[in-house]
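No value in this document is a laboratory result; all are computed from the given coordinates. Worth saying up front: this structure is predicted, and the values here are computed from it rather than measured. Cβ placement follows ideal geometry from the backbone for every residue including glycine, while neighbour counts extend to all protein chains displayed.
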Amino acid sequence: MRALSRFLAACGIILAAGVALAADPVVTNVRMAQRTDGSGLVDIHYDLADADSPVLAVAVQMSADGGAHWDFPVLHMTGDLGSSVAPGADRHITWDAAAIPQSFSEGQYRVRLAASDRGILHKPHSPRNVAITDWSSVNWSDPATWERYARADIFLAMAASLWSQQYVNEPVIGRIKAINPDVKVIGYISAKTAQLSGAPASANAFWHEWYVRTRPYWVYTTTGDTAQDWPGNVVLNILNPGCRSAMIETVMEFQQTSANHFDGILWDYFNSALWVYDGLTNVTGLPDMDGDGIGHALDVDEQVAYRNAEVSLVSALRDSLGEGFIQIFNGQRAYSDSTFAGLADGLMYEIFPTLQFPAPNMKTALDPTYPFNLYAARGWLRDANGGPWVIMSNPWRTQYNDQNGQTTYLLSGNQWRAVAMLMDGYASWNSHDGSTFSYTYGWTDNDISIGQPLGPPVYDGNFIRRDFQYGRIELEWKTGKYPDPFNYRIWALGERIEELAVPLHFP
Ligand SMILES: [Ca+2]
Ligand SMILES: [Ca+2]
């Protein structure tokens, strides 16, 4: 590669969440210079200080365009980077730029360092395809939590958690955004039920208020029982405008009075007809929203009214909280109803790709000739708010024996990232803790940054390829079916940085 020295510039940044009595890490005096001995080595020096932390996590970020984008691949760097760097003057990183297989053009290269005293590595990623789905109970007062969640581009949180009494005066979302102003924080809201557990005054503040306000609008069954779609979740009569108003006013009130202001909400969820879990044991009869004695599943008029009510709910929220308030839909209606999807800023594909897509499910999801493929669905969505966001999430756990005979867990986030890189979606990582429907925080074991896509993916027989500024992705079909639908390889500057070809995985 060519001499870089003319183009190198350096700067330091601080990434730390300040709390009283704790000292933030400080990076200063960042210098970058290529050696003149013909080795091609580049030295990066910096000073690192933190009054009360013996080790810091330091991540390198690079820009090839003078700092406009920080998504240049960070490869072949050794020295004072990683999860345990001691503070001190003249910390030193060596960048063996000559070891990078592909020559890269001259540009305005810059480096910056992100230091964390919470052990979080703020590595670059690209394209903007990283999501987190966490509907569990999280300690939002922990500064490490703010840093961990700030790494995502979009984060689906449980609205009731951040709107609980505990955090009514604690601007958690603001603290996350202080670390990453670009992250979108989206709150989970039920589109059709209230939880019985919200009844007591001691319950979660949001779910209690939701329960109280929607209590007049419970749906009953054809035998007069309380209708539920899931154990403990009472079905609400969204056909009634009063019910929709109660739901939306509750969202508005918490959005305004809480210290935590979401960028938008995730509606969970919209189907073309009411879905009821068939394992309910303590409910008799069939849900009957219009009270005509005909159960919902058999009542065509009621299903039409239900679909219209979903549209009314979305429209009313938009009227109340504005065009700029993001609305993401979970549920299968928007996966194939382009008009309805046109009301959404984003879609969540839950248990991706097992819902919606006919066998072989993953291959169908990426098949341009399938009318409801991911590219098509993305094209139906609104983009006025920075989206669209197509979020693929799957908490199920898959394991296999790798090339060393060891049990290896498949990170579905890594697999779906390959999909997201093809169709400009967002892969959600998950902890895969083994429990059903456990949507909990997870992160990749391999941060990847190869810049922006250069064009659409190219299909060639069993292969799909897409080129990026600094690399490419190659996907090769296997069964086409979850959980092992394809092999893939991701390259950065001519170097293989990730590969999955079960049982092989790299790195
Ligand atoms: Ca510190
Ligand atoms: Ca009915």
Over what distance in Å are the Cα centres of segment 91-159 and segment 323-340 separated?
-> 29 Å
Can you tell me the 0 to 90 degree angle between the C-alpha axis of helix 300-321 and the longest principal axis of the chain, rounded to 10?
-> 50 degrees
Which value, in debye to the nearest 20, gives the size of the charge dipole of segment 315-421 about its Cα centre, when Lys and Arg are +1 and Asp and Glu are -1 at the Cβ?
-> 160 debye
Search the structure for amide H atoms under 5 Å from the amide H of residue 326, placed 1.01 Å from N in the peptide plane, and list their residues when 5 or more places away or on another chain.
-> 264, 265
For segment 89-157, just say rounded, prolate or oblate: build the C-alpha gyration tensor, square-root its eigenvalues into a ≥ b ≥ c, call rounded for a/c under 1.5, and beyond that prolate if a/b exceeds b/c, oblate if not.
-> oblate
Report, in whole Å, the centroid distance computed from the Cα atoms of segment 392-424 and segment 245-260.
-> 37 Å
Relative contact order, percent, of the chain when contacts are C-alpha pairs under 8 Å separated by at least 6 residues?
-> 12 percent
Amide H neighbours of residue 170 under 5 Å, at least 5 residues apart or on other chains, H built in the peptide plane: list them.
-> 259
Förster radius 25 Å - calculated FRET efficiency between residue 431 and residue 215 (Cβ-Cβ, nearest 0.05) | 0.10
Round to the nearest 0.05 the FRET efficiency obtained for residue 84 and residue 282 when R0 = 51 Å and r is the Cβ-Cβ distance.
-> 0.45
Using the alpha-carbon atoms, what tilt in degrees (0 to 90, nearest 10) does helix 205-214 show relative to the longest principal axis of the chain?
-> 30 degrees
Specify the angular offset, from 0 to 90 degrees and rounded to the nearest 10, of the alpha carbon long axis of helix 412-423 from the longest principal axis of the alpha carbons in the chain.
-> 90 degrees
Which value in nm describes the separation of the simple spin-label points at residue 315 and residue 197, placed 7 Å from the Cα toward the beta carbon?
-> 3.5 nm
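Express as a percent, rounded to the nearest 5, the fraction of DSSP beta bridges in the chain (both residues included) that run antiparallel.
Here the share of antiparallel DSSP bridges comes out near 65 percent.
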What ranking, highest mean first, results for peptides 128-134, 275-281, 98-104 when packing means the other Cβ atoms within 10 Å averaged over each residue?
-> 128-134, 98-104, 275-281
Could you name the aspartates and glutamates whose alpha carbon sits less than 18 Å from that of residue 363, not counting residues in the same chain fewer than 8 places away?
-> 350, 424, 460, 474, 476, 484
With the calculation restricted to Cα positions, what are the radius of gyration and Dmax of the chain in angstrom?
-> 24.8, 87
Please work out how much length the chain gains when fully extended from residue 31 to residue 178, using 0.36 nm per residue of separation minus the C-alpha to C-alpha distance, in nm with one decimal.
-> 50.3 nm
How large is the charge dipole for the chain, taken about the Cα centre, if only the Cβ atoms of Lys, Arg (+1) and Asp, Glu (-1) carry charge, to the nearest 20 debye?
-> 820 debye
The ³J(HN,Hα) series, computed from each phi in segment 392-405 with the Karplus coefficients 6.51, -1.76 and 1.60 at θ = phi - 60°, rounded to the nearest Hz and given as x for glycine or proline, is 10, 9, 7, x, 5, 10, 10, 9, 8, 8, 7, 5, 9, x
Obtain the nm distance between the two label points defined at residue 465 and residue 323 by a simple spin-label model: each point lies 7 Å from its Cα along the Cα-to-C-beta direction.
-> 4.2 nm
Among all the lysines, which ones have a C-alpha under 19 Å from residue 123's C-alpha, if same-chain residues fewer than 8 places away are not counted?
-> 177, 184
